[in-house]
1. If we keep just the residues of segment 26-72 that are among the small types (G, A, S) and touching a Ser or Thr at 6+ places or on another chain (Cβ under 7 Å), which is farthest from S168 (Cα to Cα)?
2. Which of the helices (runs of 4 or more DSSP H) found entirely inside segment 98-202 contain at least 2 residues meeting this: of a type in the set (V, I, T)?
3. Is at least one residue of segment 4-25 farther than 26 Å from G172 by Cα and over 25 Å from the mean Cα position of the chain (by Cα)?
4. Does L99 satisfy being of a type in the set (A, V, I, L, M) and buried (at least 21 other Cβ atoms within 10 Å of the Cβ)?
5. Consider L198 carefully, then state whether it is of a type in the set (A, V, I, L, M, F, W, C), under 19 Å from R404 (Cβ atoms) and either modelled with pLDDT of 95 or more or in contact with a strand residue (DSSP E or B) (Cβ under 6 Å, 6 or more places away or on another chain) (or both).
6. Name the pairs whose Cβ atoms lie under 7 Å apart, with the first residue in segment 55-84 and of a type in the set (S, T, N, Q), the second part of a loop (DSSP other than H, G, I, E, B), and 6 or more positions between them or separate chains?
7. Please go through segment 233-256 and pick out each residue that is more than 14 Å from V280 (Cα to Cα) and of a type in the set (D, E).
8. Quick check on my filter: what residues within segment 92-151 are hydroxyl-bearing (S, T, Y) and in contact with a strand residue (DSSP E or B) (Cβ under 9 Å, 6 or more places away or on another chain)?
Amino acid sequence: MKTVTAVLLGAGSRGRYIYGPYAEKHPEELKIVAVAEPNEERRHRMAAIHDIVPEYVYTSWEQAFEKGRIADVMIISTLDRLHFEPAMKALELGYHILLEKPMSPLAEECIRIEQAALTHQRVLAVSHVLRYSPFWSGIKRCIEAGDVGTIATIQHSEYVGYRHMTHSYVRGNWRNSAETSPMVLAKSCHDLDIISWLMDKPCTHVSSFGSLLHYREEHAPEGSTARCTDGCQVEQSCPFSALKLYNQPPEHPWARYITHDLTHEGIMTALKEGPFGRCVYHCDNNVVDHQIVNMEFTGGANATFTLSSFTEKEVRRVRIMGTKGEIYGDMEEGTYTLNRFETGEQVEFHCGVAGDGHGGGDDRMVAEFLQNVRENENDTVSGLTSATASLQSHLIAFAAEESRFLGGMTVKLSDMVQRVTV
């Protein structure tokens, strides 16, 4: 087996906890030979773990291109608005690419990335990892086997959970769409992709409603302060307290993303000095905290997607209604049920949910990408999450945002694509 060499752009959450560990677990498959990361601690940590020579350790993604092509693939896990330019440069140099979702915060750039992958005949996989999970791939097999007949309606919900919402979309990197992406794209293009994949038909029309309902300054309780560490009078009773969220030893599930010093003193310093100690009512966030998206597909089938941050747990649930049967399931539980109308039979499926994240999809995605690079390097469209396969979910997200700003007016996808590509 040929070991695929990689340049890693971005050693943050995905680079540090998904792609780096995959190379550690499977050194015969993947070798990270270069890293570009502006954060000094992350950069040095990645270089040390993967034994990267100093001349291939960069402080910016631009520096990673100065020596030309130096590896087989480029893994782009930078922030959303730093996807397009390195992706286009990498394709021109002949890199195969594993690209974090979203492809870009701009519809035109997503289309151009897909076209460039086809032009340069490079493997480009988008990290729509849910397709690779046993839960969703199992449901897909039932549909392909004809168990539900012709799909009429899909109802899908993503319950973000208030902890994830306040960490990532109120205080964190994805809080402001002008700096990153709208939430329906940054968070939920996963879900729009799953709907599109299960439906397996072109989406024609989209409408959407949603808003930033709660995490706003006018909802700040009396006695609150700009930071949870500033002597806030209601901190102890506030469900969104940063002191509660980030002081959760021993695993520190959220604190590990805000500081590398996981002592109590280190966490408190991060909360006092960084963005994650801010009151959720006194941030510069503007992305929605709830949204619904309605979709119509060729042939008349439809789908609805509900996004909400006002839940205790992070859960995805789905119901697929067809002419011969229905499927409903809970991804967090790793179970789904098939009802066959003709026989009255009810079949329950139980999937393992433990694994590498996203229901076990992360490692499977990386493994398939590497296999495609080794065996099908000129095949740009057959990958499960190729740029071509992933484009529709992005276009649905852009149409949903356009509709939301137009008060729910229906947007025809073909018209939107024509406008952005003129």
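The values are calculated or read from the model by the stated rules, or taken from the named source; none is laboratory data. Since the structure is predicted, the reported quantities are computational estimates derived from the model, not experimental observations. Cβ placement follows ideal geometry from the backbone for every residue including glycine, while neighbour counts extend to all protein chains displayed.
1. Within segment 26-72, the match that is farthest from S168 (Cα to Cα) is A71.
2. Hits in segment 98-202: 107-120, 134-144, 189-199.
3. no
4. So L99 passes the test.
5. Considered against the rule, which asks whether it is of a type in the set (A, V, I, L, M, F, W, C), under 19 Å from R404 (Cβ atoms) and either modelled with pLDDT of 95 or more or in contact with a strand residue (DSSP E or B) (Cβ under 6 Å, 6 or more places away or on another chain) (or both), L198 comes out as no.
6. From residues that are of a type in the set (S, T, N, Q), the pairs are T59/P38; S60/P38; S77/G10; S77/G12; S77/E100; T78/G10; T78/W61.
7. Residue satisfying the conditions is E251 alone.
8. Scanning segment 92-151 gives Y95, S127, T150.
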